[in-house]
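Please read the structure below before turning to the comments.
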Amino acid sequence: MEPRVLPVGIGEIRFSDEAGSVLVTYSLGSCIGLTAYDPVLRLGGMAHIVLPNGTAGGEGPGKYAHTSVPALVRGLLRMGAARERIVIKMAGGARILGLAGTPNGPGIGSQNQAAVLEAVGRLGLRVHSADCGGTFGRTMRLFLDSGVVEIVTATRGSWTI
Amino acid sequence: MGVSEGSRLYDAISIGFGEAGRVLRLMVPIEVTVSTPEMKPVRIEDIPCLLGSAEKTVVATYSRVRGDISGHLAFLYDPGTARRLATLVTGEAEPDDEMSASAICEVSNVAGSRVLSVLSDATGLRIVPTAPVLVSDMAGAILQSTLYDLAPVGKDAVVTKTEIRLAGEDAAGLMVLIPTGDGVSLLAERLGN
């Protein structure tokens, strides 16, 4: 049977405890895909974080690192996850147009990475594995049955983290 | 932006896109069709899906728009279309990667500059593109990075897009213009004078 695919849109957070389901966020560029997973209960969540910080204007908490990370962890705890078991993985934060005469200083991608790491650390948690940076886009999938996170690229193949 | 201002802006951009099509036809020795442009406000979150699938691999060129207004100008091609375009422009049956990239950038440069110079002439504003940069990646990743990494924009953007189709091709390229900041209102205001 084909797994049920649950897309996570830009700036969204989504959870699942459904056996065989897959949370997926497509074509991350400078954005960060962040997953949190409880391997015992096999439930997890995924956030598609757009910017390091900002003020939400009537939208949900998913868009900004400083609101999205706590909301992702809080949501998982509400579903019954044990804090000490939560496995966090992140991907994205690339600079796709790195040669395009971009403004000086770090791009949004690396700012997003730093903001997510800081927000995770502030919760007393850590990122277990990451696949970030570079100049290419990534699609990120979290398989709820195994906790495996798959990264797929357009021109460099795919791998797991 | 009112209805009449929007209509004037659409007319000006349509002329620009039409002119871009005309110069493309001069560069490529086969029939090139440029569709009637579509202009509409799009939620920023939806822009990565402009091509339908955000995950679709494309060959794209990107130029920043600079001068009195800022924005983004991108050309997105199916990889097969990009290869054919490079073959047609260079006259080589199998141009190498460097030559192909150069040819595709040149097409985008000539066509993109034409769009912006038409807008510039119509408004009296200085509107110039940066030299195009070529990337091959997921359409969504390119568009999303464009929007957030290079020039963060608000919640919505006015997107004008048109299809570029080479004779005998099922896949179409896409030319996309996205003014940022107060670019749309400034263009509309100038066109109203």
Worksheet, complete the sentence: When every residue in the range B:136-160 that is farther than 9 Å from B:His72 by Cβ and part of a helix (DSSP H, G or I) is compared, the one modelled with the lowest pLDDT is B:Asp149
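Kindly indicate which of B:Glu45, B:Glu5 is closer than 25 Å to B:Gly183 by Cα, touching a Gly at 6+ places or on another chain (Cβ under 8 Å) and touching a residue at least 60 places away in the same chain (Cβ under 8 Å). It would help to see each step written out before you state the result.
Details: B:Glu45 fails: touching a residue at least 60 places away in the same chain (Cβ under 8 Å).
None of the others qualify; the one that does is B:Glu5.
Restricting to the range A:105-123, what's the tally of residues that are in a loop (DSSP other than H, G, I, E, B), of a type in the set (Gly, Ala, Ser) and touching a helix residue (DSSP H, G or I) at 6+ places or on another chain (Cβ under 8 Å)? Steps first, please.
Quick first cut of the range A:105-123, residues in a loop (DSSP other than H, G, I, E, B) only: A:105-107, A:123.
Retained after the next criterion (residues that are of a type in the set (Gly, Ala, Ser)): A:105, A:107.
Restricting the remaining residues to those that are touching a helix residue (DSSP H, G or I) at 6+ places or on another chain (Cβ under 8 Å) gives A:107.
Number satisfying all stated conditions: 1.
Table: residues versus (1) in contact with a helix residue (DSSP H, G or I) (Cβ under 6 Å, 6 or more places away or on another chain); (2) within 12 Å of chain B (Cβ to nearest Cβ); (3) in a strand (DSSP E or B).
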{"site": "A:Gly11", "(1), (2), (3)": "yes, yes, no"}
{"site": "A:Ala19", "(1), (2), (3)": "no, no, no"}
{"site": "A:Leu23", "(1), (2), (3)": "no, no, yes"}
{"site": "A:Ser27", "(1), (2), (3)": "yes, yes, yes"}
{"site": "A:Ser30", "(1), (2), (3)": "yes, yes, no"}
{"site": "A:Gly33", "(1), (2), (3)": "no, yes, yes"}
{"site": "A:Leu41", "(1), (2), (3)": "no, no, no"}
{"site": "A:Ala47", "(1), (2), (3)": "yes, no, yes"}
{"site": "A:Gly62", "(1), (2), (3)": "yes, yes, no"}
Fill in: Yes/no for B:Ala122 being buried (at least 20 other Cβ atoms within 10 Å of the Cβ) and either away from every other protein chain (no Cβ under 14 Å) or in a loop (DSSP other than H, G, I, E, B) (or both)
no
Item to complete: Considering (1) surrounded by fewer than 20 Cβ atoms within 10 Å (Cβ to Cβ); (2) more than 16 Å from the chain's Cα centre (by Cα), say which one B:Ser136 fails and leave the rest.
Response: (2)
Item to complete: Run B:Glu31 past the list (1) surrounded by fewer than 16 Cβ atoms within 10 Å (Cβ to Cβ); (2) within 30 Å of A:Arg156 (Cβ to Cβ); (3) away from chain A (no Cβ under 12 Å) and report the number of the one that doesn't hold.
Response: (2)
Worksheet item: Since B:Leu26 meets every condition but one in (1) without any contact (Cβ under 8 Å) to a residue 24 or more places away in the chain; (2) within 10 Å of chain A (Cβ to nearest Cβ), which condition does it not meet?
Response: (2)
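The values are calculated or read from the model by the stated rules, or taken from the named source; none is laboratory data. Keep in mind the model is a prediction, meaning the values are calculated, not measured. Heads up, the Cβs are rebuilt from the backbone with ideal geometry, glycines too, and the neighbour counts pull from every protein chain shown.
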